[in-house]
Amino acid sequence: MNVTSTVIGYPYIGAKREWKRTLEKFWKKEISEEQFESELKSLRLARLKHQQELGLDYITVGDFTKYDRMLDLATTFNLIPSRYDVLKNPTSNELYYAMARGANEVVASEMTKWFNTNYHYIVPEYEGKTLSLNGNYILDQFLEAKQELGILTKPTIIGPYTFVDLAKGYDEKTRAAFFLQLIPLYTQIVNELVLAGAEWIQFEEPSLTKALPEEEILIIEELYKQIKEETPNANILVQTYFEALTSFERLTQLPVAGIGLDFVHGAKENLKALQKFGFPKNKTLSLGIINGRDIWSANLAEVVSTIRTVKQLGQVEDLWISSSCSLQHVPVSKDVEKKLSLELWDHLAFADEKIREIAHITYFIKKGEWLKEGIVKQSLQVIEALATHPIRKNKDVLDAVNALKTDDFTRDVPFAKRQQIQKETLQLPDYPTTTIGSFPQSQTVKKTRAAWRKKEITDAEYAQFVKEETARWIHIQEEIGLDVLVHGEFERTDMVEYFGEHLTGFAFTEFAWVVSYGSRCVKPPIIYGDVEWTHEMTVKEVVEAQQLTNKYVKGMLTGPITILNWSFVRNDIPRQEVAYQLGLALRKEVAALEAAGIKIIQVDEPALREGLPLRKENWKDYLTWAVNAFKLATSGVATDTQIHTHMCYCEFNNFIDPIRALDADVISLETSRSHGELIHSLKVNPYELGIGLGVYDIHSPRVPSIEEMSTILKESLAVIPKEQFWVNPDCGLKTRQEPETVAALKNMVAAAKQLRQQTVLI
């Protein structure tokens, strides 16, 4: 039996976010294009060499990007929307980043979540134009590794079915043409790689784990039949992840040399299918056995047991021991973390540690003995040490969860009646304007916070700075003319981390960053124990802001499911239980804000959708407890207290029932990048609760005009009654610069005022 160690992909961010800094230096014109490309090359080669040193047999290329891998392919295929024609003789990088981030002349391409993760990809747009191959960056990376390091790598590319599945702009008729145009481009890439010496080429096809009807199975079979005919000498491995392979008996028979299966998130179903149908004798199996989405060390005994079961059921001749998905979803290395407790640190495994686990397991499967004596016993000991830690034995928390009743998840009064009472209480104008919560975190804010954390300034000095910055932005908001204000969240580093710092059961790293979108990185907290509210977390700052203005200031909280889905979560109890612990904790904070006189409280849930299973038939269980966790946090308020929430890129039309079930008085949603899709959805599925339209894109530095936002508002008025209608940006403004923020918000308020005047005239 041939056994090989590999991973589907490796983080490109760098251990100290070197990749992020290189991109941002280039965007700021601090380095030339030549310097930019040189620095990226150095980062690519260093990460390949590092993986080799960690013990991987087969290293992947093509998993490195300048912003996003879907965008990489779109530009390679010349899939460039016509609106970018306004750019005059752009360089390839200028065009690429205009699509990613927007430019003065044109809006950015739509961005949405990569399956059920917190990574956002750029959505390719097919307009029916003729496609062609604009270079072969995957070949370039393959040759670079071969020539510079002498490493024969495994090129990876997002597969054609997944690429089309995640793209937009086509209908049933034009979809076929889209596939037909892509096939020769894929085959050219593959054949050029084979000619250059590539022994294997990995096609990432996570969309093959969705529920697929017969007609889609037929399309996939025909697609790969044509690719095989045009690439007779290629060894293609179709790699799936995030769920079990759909139609196992059919899709494992695709005319490819190997199949990759997720035996972490799709373990039960894949094992069942393997038992029933076996595995093709002539194919390589890539066994995704080490979890690429969490940060916990593996139980090596369990992993080996699963591998033995797979070997027995599948009679596999060629086996790759791999990660369940790309390791881009976890931090790079725990070796740089020096401040965590030993019990926690021992049980952590980031990307580097997961590769070491894969190398150890591969050695054992090959040799029948462990490379390091006692390693299995050690893996069990570190798991047990954390399992028995007092942080996981909080009786008060466990009793509170067990005591929950149906009434704890329900508002006393239905929305229609609440709406009228809130209107009378709040006395807001039609189309009230607000923001999502955060304002720009300037260099001054960041430096002052860093000085405080290093104890270079006192707690009192830092608190005074935050108070002054809050007051400054309250004044700016009043000058802009916003109707409902926010305090700006200058005391918060991150919308999840901040709350974790005030609750029990959380731990925080120094360098455990992962990419969320583009160069935007997040450092998820670790929920490793029972979660409990012990003191007020937000009341002081919000009340101080409210005292500065006669307008309402929103209380701003991050919702329980977003805290859950944007953290690395303990794996010893069900996620539902952790969610209810968070809901109970936030319920106490909501009560504290309300008791302090705050009448509008926003509980953000941008990550609600991320926890969904990929197959819709499996949604019910998750949505039941996820929605309940939100309602647990928000249902204890008085009728005239208005609850807001917020979601990013949520595909409203497919998600309206869960959104409605939240029973939030107002929800804000993105409408700026999706080019009218939300409005179309509302025509099909009317929504009767309050809704705030995200009328401009905060992920881009451009300032949209009054006319641009007015167009969105006017179109929306056809499907949203004015009684429900709020106006806001599409997300928080933390990452933006102050001048562009002020300018954009002024235009937004002007657009809302125009709408009020026009409505009065009508």
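Would you pick out the residues in segment 232-265 that are within 20 Å of VAL303 (Cα to Cα), touching a strand residue (DSSP E or B) at 6+ places or on another chain (Cβ under 8 Å) and not aliphatic (A, V, I, L, M)? Walk me through how you get there before you give the answer.
Residues of segment 232-265 that are within 20 Å of VAL303 (Cα to Cα), as a first pass: 239-245, 259-265.
Of the ones still in play, those that are also touching a strand residue (DSSP E or B) at 6+ places or on another chain (Cβ under 8 Å) are 239-245, 259-264.
Of everything in segment 232-265, those that are within 20 Å of VAL303 (Cα to Cα), touching a strand residue (DSSP E or B) at 6+ places or on another chain (Cβ under 8 Å) and not aliphatic (A, V, I, L, M) turn out to be GLN239, THR240, TYR241, PHE242, GLU243, GLY260, ASP262, PHE263.
Report yes if some residue within segment 505-527 is in a loop (DSSP other than H, G, I, E, B), in contact (Cβ under 8 Å) with a residue 12 or more places away in the chain, of a type in the set (Asp, Glu) and touching a Gly at 6+ places or on another chain (Cβ under 9 Å); otherwise report no. Step through it out loud before you land on a result.
Step one: filter segment 505-527 for residues in a loop (DSSP other than H, G, I, E, B), giving 505, 508-513, 518-519, 523-525.
Still in the list and also in contact (Cβ under 8 Å) with a residue 12 or more places away in the chain: 505, 508-513, 518-519, 523-525.
With of a type in the set (Asp, Glu) added as a condition, the list becomes 510.
Retained after the next criterion (residues that are touching a Gly at 6+ places or on another chain (Cβ under 9 Å)): none.
Within segment 505-527 (the criterion being in a loop (DSSP other than H, G, I, E, B), in contact (Cβ under 8 Å) with a residue 12 or more places away in the chain, of a type in the set (Asp, Glu) and touching a Gly at 6+ places or on another chain (Cβ under 9 Å)), the answer is no, since none of the residues qualifies.
Taking LYS354 as meeting all but one of (1) surrounded by fewer than 20 Cβ atoms within 10 Å (Cβ to Cβ); (2) at pLDDT 95 or above; (3) of a type in the set (D, E, K, R), write down the number of the exception.
Of everything listed in (1) surrounded by fewer than 20 Cβ atoms within 10 Å (Cβ to Cβ); (2) at pLDDT 95 or above; (3) of a type in the set (D, E, K, R), LYS354 misses just condition (1).
Consider ARG492 against the criteria (1) part of a helix (DSSP H, G or I); (2) within 30 Å of VAL330 (Cβ to Cβ); (3) charged (D, E, K, R): it satisfies all of them except one. Which criterion is unmet?
(1)
Is it the case that segment 538-552 has a residue that's within 30 Å of THR388 (Cβ to Cβ), surrounded by fewer than 17 Cβ atoms within 10 Å (Cβ to Cβ) and either over 20 Å from the mean Cα position of the chain (by Cα) or polar (S, T, N, Q) (or both)? Explain how you work it out, then say what you get.
Step one: list which residues in segment 538-552 are within 30 Å of THR388 (Cβ to Cβ), which gives none.
No, that holds for no residue.
If VAL515 satisfies every condition in (1) more than 23 Å from the chain's Cα centre (by Cα); (2) more than 17 Å from ASP604 (Cβ to Cβ) but one, which is the exception?
Condition (1) is where VAL515 drops out.
Among the residues of segment 87-109, what is the count of those that are in a helix (DSSP H, G or I) and either in contact with a strand residue (DSSP E or B) (Cβ under 6 Å, 6 or more places away or on another chain) or of a type in the set (A, V, I, L, M, F, W, C) (or both)?
4
Is there a residue in segment 145-158 that is in the same structural domain as ILE219 (by TED's automatic domain parsing), in a helix (DSSP H, G or I) and surrounded by 19 or more Cβ atoms within 10 Å (Cβ to Cβ)? Show your work before the answer.
Initially, segment 145-158 is screened for residues in the same structural domain as ILE219 (by TED's automatic domain parsing), giving 145-158.
The next check asks that each one be in a helix (DSSP H, G or I); those that pass are 145-149.
Checking which are surrounded by 19 or more Cβ atoms within 10 Å (Cβ to Cβ) leaves us with 145.
Yes, because at least one residue in segment 145-158 is in the same structural domain as ILE219 (by TED's automatic domain parsing), in a helix (DSSP H, G or I) and surrounded by 19 or more Cβ atoms within 10 Å (Cβ to Cβ).
Quick grid of which residues meet (1) part of a helix (DSSP H, G or I); (2) free of Cβ contacts under 8 Å to residues at least 12 places away in the same chain:
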| position | (1), (2) |
| --- | --- |
| ASP335 | no, no |
| LEU340 | no, no |
| GLU343 | yes, no |
| ASP352 | yes, no |
| ILE355 | yes, no |
| ILE358 | yes, no |
| THR362 | yes, no |
| GLU369 | no, yes |
| GLU373 | no, yes |
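Which condition number does GLY9 fail, the rest of (1) small (Gly, Ala, Ser); (2) within 27 Å of PRO124 (Cα to Cα); (3) over 27 Å from the mean Cα position of the chain (by Cα) being met?
That leaves (3) as the condition not met.
Tell me the residue from LEU43, LEU48, LEU56, LEU79 that is assigned to a helix (DSSP H, G or I) and crowded, with 19+ Cβ neighbours inside 10 Å, please. Give the derivation first.
Working: LEU43 fails: crowded, with 19+ Cβ neighbours inside 10 Å; LEU56 fails: assigned to a helix (DSSP H, G or I); LEU79 fails: assigned to a helix (DSSP H, G or I).
One residue alone meets the criteria, LEU48.
Yes/no matrix, rows are residues, columns are (1) in contact with a helix residue (DSSP H, G or I) (Cβ under 9 Å, 6 or more places away or on another chain); (2) touching a residue at least 40 places away in the same chain (Cβ under 8 Å); (3) outside the structural domain of LEU285 (by TED's automatic domain parsing); (4) not acidic (Asp, Glu):
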position	(1), (2), (3), (4)
ILE183	yes, yes, no, yes
TYR186	yes, yes, no, yes
GLU199	no, yes, no, no
ALA211	yes, yes, no, yes
GLU221	yes, no, no, no
PRO232	no, no, no, yes
PHE242	yes, yes, no, yes
LEU261	yes, no, no, yes
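The values are calculated or read from the model by the stated rules, or taken from the named source; none is laboratory data. Since this is a predicted model, take the numbers as computed values, not measurements. Every residue, glycine among them, receives a Cβ derived from its backbone with ideal geometry; neighbour counts consider all protein chains shown.
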